[in-house]
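Undergrad: Before I ask anything, let me first share the structure, which is written out below as structure tokens.
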Amino acid sequence: MSELAERFETHDPGEKQVAEKIRCDACPVMCYISDGRTGACDRYGNVGGRIVRMDPLTILDHAAETGAAVVPFVAEGEAWDGELVNTGRRFVTAIGAGTTYPDYKPAPFIVSQQVEGVDLVTVVTEGIFSYCGVKVKIDTDRHIGPETATVRVAGEAIGHVTTGEYGSQMLSLGGVHHLTGGSKAEGRATCDALLNLCNRKPVELTIDGGATVIVEAGKPPVIDGKPEHRMRVGCGSATIGMFATQWRGLVDEVVVVDDHITGVVSEHQAGKVLGWQDTGIKIIGRRSTPGRYFKVSEPGLGWGGTSISDPLSILGEWNAKKGARPGLSLLMVSTTGEQFAYYELDDQLKPVQKPFPERLQKSVGLIEDNCEPALCTVLFVGGAGGSLRAGVTENPVNLTRSVQGLTTYVTVGGAPVYVWPGGGITLMVDVVSVPEGAFGYVPTPALVAPIEFTLRRDDYVRLGGYEAEIRSVEDILAKGGEYLNPRRGTGASASNPWPPLAQLRRAAGNGAG
Ligand code: SF4
């Protein structure tokens, strides 16, 4: 049983209160915690009879933008020893902020800051997401499993394979059905996997009828024990188009083997434009348009995401009436350039493999050089629900409208998000742009993610915000908040913009204030 699963077992909201225990009410589990101990999620503890958020509140310094710590930890009650001048480039994240649960109270921090003459307010809270999951992009040609196949961790279903993208296989993991709609074990395994993926840790996934894949955000996937190195340069047809001129005069025919679209240079439009001669080649597969073939094989772990290890298996008889002749040369290559072979037709018009000629090395190398490194990408997707929105304003729909109207800028741990159009606040963020270790969990089960809403102060007041709760950055640095945890300063990532200038201009353009 994982450490996380044990925690689910040992903490029960129905546990009897003992005199020296105090109750944490930061989530529906409502742990009773003894002095010196932490609750089920490890995020809150009983320190001397008070509920304390155990991780420090993280403040990003965009003036530093190094990623390295610039200000040491500051314990509760100690003075902040960093300079207190408002640079306008400091951002109070929700990492370590605490939550608004049980919904009715304002967010833990509502921060004011003047940036370039504009009064801004950032509402900062750690959201509890029962409705959340991750979308995983795995850069590989290899077939990791059929669409809709179940993805499992430790035997439990946590998601499924979804539609592939250009050069990548895609997984959809988590979601409320796996978190809360199945067995307890399924919910725990799902929560555990999502937490680790969001915190950039490796997770081993097994796919029904497919492969075992180790996914770690920002790292190459490991498929059935083999690390993937390259992401395809394009489909077989695109590869033909890109490199047809390189092969001209060096070889009579080129086939780029691809599970999706296998390309044949002599028939392809690119080859025709360049004056490529017919070769009498026959591809076993479904011809789409000239020089482009579908379904030359079943999907698999072989050449170009097919199941084949011998590329000749996709060729039929060569036709002398259409150009086949003894000595005709043939290059077969995969979409990443990792597999390649050279053949010449014998007197019976059968291809015979020959040593790979020096003259073609450069073109195969060029395909490899044009491939990008294969990586795993993990996007957290969550819906901001009741407790989150009520912590921002007394009239939660106003926040939704403000986000959709682009007058509120949403971040997760300071990282910009994509907010889906349509109803609600459904956001998506690349976990590698969020500071490490920013995600947590509660055993309901649900994920905890930092979320910040930034908007002009006058807009905030107008949408029914908690004006009386607004505090300055300096005050927060110096005094902290309800959960008595220390503050920690760290350099911000240069790729996460702050202040959100474009957003501010748009807000100003809307005539607010
Ligand atoms: S699980 Fe964590 S947040 Fe929830 S009540 Fe227990 S200690 Fe508090």
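Undergrad: Place a label point 7 angstrom from the Cα of residue 274 along the Cα-to-Cβ direction, then list the residues of the range 342-370 whose backbone nitrogen is under 12 Å away.
TA: 363-364
Undergrad: Of 246, 199, 209, which is farthest on the positive side of the dipole of the range 198-265, counting Cα position, with +1 on Lys and Arg Cβ, -1 on Asp and Glu Cβ, and the Cα centre as origin?
TA: 199
Undergrad: Roughly speaking, what is the stretch gain from residue 219 to residue 468, that is 0.36 nm per residue apart minus the C-alpha to C-alpha distance, in nm to one decimal? Walk me through the numbers on the way to the answer.
TA: Numbers: separation 249, 0.36 × 249 = 89.64 nm, distance 4.52 nm.
Gain in length upon complete extension: 85.1 nm.
Undergrad: What does the range 129-274 give for Rg and for Dmax, in Å, if only its C-alpha atoms count?
TA: My reading of the Cα-based Rg and Dmax gives 19.3, 64 Å.
Undergrad: Continuing with this model, one more query. Rounded to a whole number, what % of the accessible area of the chain do carbon and sulfur atoms account for, probe 1.4 Å?
TA: Details: 11110 of 21710 Å².
Answer for the chain: carbon and sulfur cover 51 percent of the accessible area.
Undergrad: Accessible area per residue, 1.4 Å probe, Å², for the chain: what's the number? Each step should come with its number before you reach the end.
TA: Numbers: 21710 Å² over 513 residues.
Heavy-atom accessible area per residue stands at 42 Å².
Undergrad: Right, another one. How high is the relative contact order of the chain, in percent, counting Cα pairs under 8 Å that sit 6 or more residues apart? Intermediate values should be presented prior to the final figure.
TA: Details: 1244 pairs, mean separation 114.7, N = 513.
Once divided by the residue count of the chain, the mean separation gives 22 percent.
Undergrad: If ligands, DNA and RNA are left out, what is the accessible area of residue 242 with a 1.4 Å probe, given in Å² to the nearest 10?
TA: Probe radius 1.4 Å; accessible area of residue 242 about 90 Å².
Undergrad: Take the alpha-carbon positions of the chain, form their convex hull, and give its projected area averaged over all directions (one quarter of the hull surface) in nm². Walk me through the numbers on the way to the answer.
TA: Numbers: hull surface 113.0 nm².
Average of the hull's projected areas for the chain equals 28.2 nm².
Undergrad: Further question on the same structure: Could you name the aspartates and glutamates in cross-link range of residue 321, using Cα to Cα under 12 Å and dropping any fewer than eight places away on the same chain?
TA: 278
Undergrad: Turning to a different aspect of this structure: Strictly over 22 Å apart at the Cα level, which of 272/350; 226/354; 282/322 would you flag in this model?
TA: On the way: 272/350 24 Å; 226/354 28 Å; 282/322 10 Å.
Listed pairs above 22 Å: 272/350; 226/354.
Undergrad: Let me ask something additional. To the nearest 20 Debye, how big is the dipole of the chain about its Cα centre, given +1 on the beta carbon of each Lys and Arg and -1 on that of each Asp and Glu?
TA: Numbers: 48 positive and 60 negative charges, 223 e Å.
The calculated dipole for the chain is roughly 1060 debye.
Undergrad: Using 7 Å Cα-to-Cβ label points, what is the residue 250/residue 150 separation (nm, one decimal)?
TA: Computed distance between label sites residue 250 and residue 150 equals 4.9 nm.
Undergrad: What is the dipole size for the range 169-297, taken about its Cα centre, with +1 at each Lys and Arg Cβ and -1 at each Asp and Glu Cβ, in debye to the nearest 20?
TA: Numbers: 15 positive and 13 negative charges, 43 e Å.
So the dipole magnitude of the range 169-297 works out to roughly 200 debye.
Undergrad: Hey, what did the range 208-267 get for relative contact order, percent, Cα under 8 Å, at least 6 apart? List each step's numbers first, then the result.
TA: Working: 62 pairs, mean separation 14.7, N = 60.
After rounding, I find 24 percent.
Undergrad: All other residues with a Cβ under 14 Å from the Cβ of residue 348 taken together, and with Lys, Arg as +1 and Asp, Glu as -1, what is their net charge? Intermediate results must be reported in sequence, preceding the final value.
TA: Values: positive: 325, 350; negative: 317, 344, 346, 347.
Once positives and negatives cancel, what remains is -2.
Undergrad: Just to verify a number: FRET efficiency for residue 294 and residue 42, C-beta to C-beta distance, R0 = 35 Å, to 0.05?
TA: Working: r = 51 Å, r/R0 = 1.47.
Computed FRET efficiency for residue 294 and residue 42: 0.10.
Undergrad: Gain in length, residue 35 to residue 349, computed as 0.36 nm per residue apart minus the alpha-carbon separation, to one decimal in nm? Write out the running numbers ahead of the final one.
TA: Values: separation 314, 0.36 × 314 = 113.04 nm, distance 8.40 nm.
Separation in residues times 0.36 nm, less the Cα-Cα distance, equals 104.6 nm.
Undergrad: Heads up, I need the accessible area for residue 116: 1.4 angstrom probe, whole protein in place, Å², nearest 10.
TA: Spelled out: residue 116, probe radius 1.4 Å, area about 140 Å².
Undergrad: Using the Kirkwood radius built from alpha carbon pairs, what does the Stokes-Einstein equation give as D for the range 359-468 at 20 °C and 1.002 mPa s, in µm² per second? It would help to have the intermediate numbers written out before the result.
TA: Working: Rh = 16.4 Å.
It comes out at roughly 130 µm²/s.
Undergrad: For residue 219, which lysines qualify as cross-link partners when the Cα separation must be under 29 Å and same-chain residues fewer than eight apart are set aside?
TA: The qualifying lysines are 135, 137, 201, 362.
The values are calculated or read from the model by the stated rules, or taken from the named source; none is laboratory data. What you are looking at is a predicted structure, and each value in this text was computed from that prediction instead of being measured. A quick note on method: Cβ atoms are made from the backbone with ideal geometry, for glycine too, and the neighbour counts reach across all protein chains shown. When the accessible area is computed, the model is the full protein with side chains, heavy atoms only, and any ligands, DNA or RNA have been set aside. Shrake-Rupley method; radii C 1.70, N 1.55, O 1.52, S 1.80 Å.
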